[in-house]
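The values are calculated or read from the model by the stated rules, or taken from the named source; none is laboratory data. Every value quoted in this text rests on a predicted model; they were computed, and no experiment measured them. Neighbour counts are summed over all protein chains in view; Cβ atoms, including those assigned to glycine, are modelled from backbone coordinates with ideal geometry.
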Amino acid sequence: MKSIARNITANAFGSIWLVVLNLIAIPLQIRILGTEAYGLIGFITTMQVILVVFDLGLPATVIREVALDRDEKRRFSRALIQTCSTLYWLVALVVGVLFILASDWIANHWLHVETIPISVVAQALRLLAVYIAFVWPLNIYVSTITGLQQFDILNLLRIMNATSVQLGGIAILLLTRDLYAFIGWLVLNAIVFLIVNMRVCFRLLPGLSLMPHISGEVIKRVWKFSFDLNLISTLTIIYLQADRLLISALLPLRMLGYYNAAYNLSRQIGSAQDFINTPMMPALSAKTTTKDTVALNDFYVRYAQFLVYVIALPSFILIFFSYEILSVWAGHNNAVGGASAMSLLALGFLLNTSMSTNYTLSIASGHTRIIVLVNVGALLIYIPLLFYLINAYGITGAALGWIILNVYYLIVFVPFTQRRILGSTAMVWLRHILLPFTLLGISVFGIGWLIQQRFTFEWAWLANCISCALVYTVVGFFFLAPSVRQQIITMPGRILSRNFT
């Protein structure tokens, strides 16, 4: 098995680079395209994510099954990937055609466009449908590389793709200032990097076939697990995308642009979740097979502590300094329109990312039904509540709905997973994992924010923010378990020597 430390380090480099690119590219996209056109790009991103309801739970199934495949020739893995890629290509073709056919209706009857001509919006939607069709099958090949724990290769591909998309996209916008040219660049990159990822999978799994084929044996073995994962994915996507979908239907497209700016900045909090949780999935899958509950508990607590320690810092920066950061990053208008929403979104992402360790543990151990039951329980309440909040309070109401949903998960989901899988309690999770770092963050940044009110010079907030971040980092380090602190101290030497353990 690939080293966990090496995998996390590779993912960290990839995720940090993606965050930096997003922080550079998104404000330029907003300024060049305008808030409304950026809202249109955000709408397509939302639709792309919503289409995960058609993924049949296959990406996570591929990760788990490939990670657990101990056959030297990996016969089952090859059959699984061939079957999954065939299904994904079929879905991509159908979805792409349907979206192209629906583009005129969406432009005329769904989106509330104020300044962009309807014909331009419809044509942009058709081009973006082609982009979605080529991005969609990429999930299977990325999941294959993940399951093989080739995170150095995976993150090199992610960095290359993101750099090409974002920096190339900026160059295209600066040269043409044309929405069609920008989308065309997205389509070209999607095609190129789909081919590159396919080629990498064939190199890592010799004998993998390109020919379409659906194996009955594969479906029989994985369908129950995949069905649960598909249901989980569908419910998760509803919860993650319903706010922007309802905003696009109930509010002007300009407001979706403000919300997307706040959301995309807050969402970077989840980058730590990505680079830590992804390599933890195969590691936890292996540990749950040993039936050693004590070792599993110890491993889980250390992993969850480290995650919350890392993500609490950017969360509290965005919670307490949302207006200042959004103003510098996306301009005064976006700060006025989206700062309050961003503070609430950041708090919601803090709670959500903290609990993501429970989600990863449930998937890795095969306890998918827990996630299904918890998500179904929230469905009938959340959507009507979100509809009311957006109608009553606009995009701030949408962000408030995100917090309420995550408080529900905290009350219901965490106790369920702790008791069923680890034989522990939610109070242990709160006492050792969530509360130490959140209470520290509230104290440090809250005091810093109060002190800032006494200063009037323009960049006082930045000096204050940096000071609070340093205090949190140092004090929070001593809240970690001794073994985690030791791993952090020795990690730079292991990285330099490539002696990962």
Point to revise | Selection within the stretch 405-424 - hydrophobic (A, V, I, L, M, F, W, C), touching a residue at least 40 places away in the same chain (Cβ under 8 Å) and farther than 19 Å from ALA364 by Cβ | key: LEU405, VAL407, LEU410
Study note, to complete from the structure: Scanning the stretch 214-231 for residues that are modelled with pLDDT of 75 or more and touching a Ser or Thr at 6+ places or on another chain (Cβ under 6 Å), the one surrounded by the most Cβ atoms within 10 Å (Cβ to Cβ) turns out to be VAL218
Review point. Restricted to the stretch 300-341, and to residues that are within 21 Å of the chain's Cα centre (by Cα) and either of a type in the set (S, T, N, Q) or outside any helix (DSSP H, G or I) (or both), which residue is surrounded by the most Cβ atoms within 10 Å (Cβ to Cβ)?
Key: SER315
Review point. Considering the stretch 123-166 alone, what residues qualify as being more than 19 Å from the chain's Cα centre (by Cα) and hydroxyl-bearing (Ser, Thr, Tyr)?
Key: TYR131, SER164
Check your understanding: ILE395 versus (1) buried (at least 16 other Cβ atoms within 10 Å of the Cβ); (2) modelled with pLDDT under 90: which is the lone unmet condition?
Key -> (2)
**Study point:** Verdict on TRP429 being surrounded by 17 or more Cβ atoms within 10 Å (Cβ to Cβ) and of a type in the set (Phe, Trp, Tyr)
**Key:** yes
Exercise for review: Please find, among ALA107, ALA37, ALA92, ALA122, the residue that is under 21 Å from THR234 (Cβ atoms) and among the small types (Gly, Ala, Ser).
Suggested key: ALA92
Review point. Counting just the residues of the stretch 67-91 that are modelled with pLDDT under 80 and part of a helix (DSSP H, G or I), which one comes out surrounded by the fewest Cβ atoms within 10 Å (Cβ to Cβ)?
Key: LEU68
Check your understanding: Which residues, taken from the stretch 255-299, are over 14 Å from the mean Cα position of the chain (by Cα), in a helix (DSSP H, G or I), of a type in the set (D, E, K, R) and at pLDDT below 80?
Key -> LYS287
**Study point:** Residues of the stretch 102-118 that turn out to be under 11 Å from ARG254 (Cα atoms) and exposed (fewer than 14 other Cβ atoms within 10 Å of the Cβ), as a count
**Key:** 2
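Residue-by-condition table, conditions (1) within 18 Å of LEU351 (Cβ to Cβ); (2) at pLDDT 85 or above; (3) of a type in the set (Lys, Arg):
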{"residue": "LEU400", "(1), (2), (3)": "yes, yes, no"}
{"residue": "TYR408", "(1), (2), (3)": "yes, yes, no"}
{"residue": "VAL412", "(1), (2), (3)": "yes, yes, no"}
{"residue": "PRO436", "(1), (2), (3)": "yes, yes, no"}
{"residue": "ILE442", "(1), (2), (3)": "yes, yes, no"}
{"residue": "GLY448", "(1), (2), (3)": "no, yes, no"}
{"residue": "PHE455", "(1), (2), (3)": "no, no, no"}
{"residue": "CYS465", "(1), (2), (3)": "no, yes, no"}
{"residue": "GLY493", "(1), (2), (3)": "no, no, no"}
Review point. Exactly one of (1) in contact with a Lys or Arg (Cβ under 7 Å, 6 or more places away or on another chain); (2) farther than 30 Å from TRP223 by Cα; (3) of a type outside the set (A, V, I, L, M) is unmet by GLN149. Its number?
Key: (2)
Practice item. Could you please let me know if LEU435 is crowded, with 19+ Cβ neighbours inside 10 Å and over 22 Å from the mean Cα position of the chain (by Cα)? Key: no
Practice item. Considering only the stretch 92-139, state which residues are assigned to a helix (DSSP H, G or I) and of a type outside the set (A, V, I, L, M, F, W, C). Key: GLY96, SER103, ASP104, ASN108, HIS109, SER119, GLN123, ARG126, TYR131, ASN139
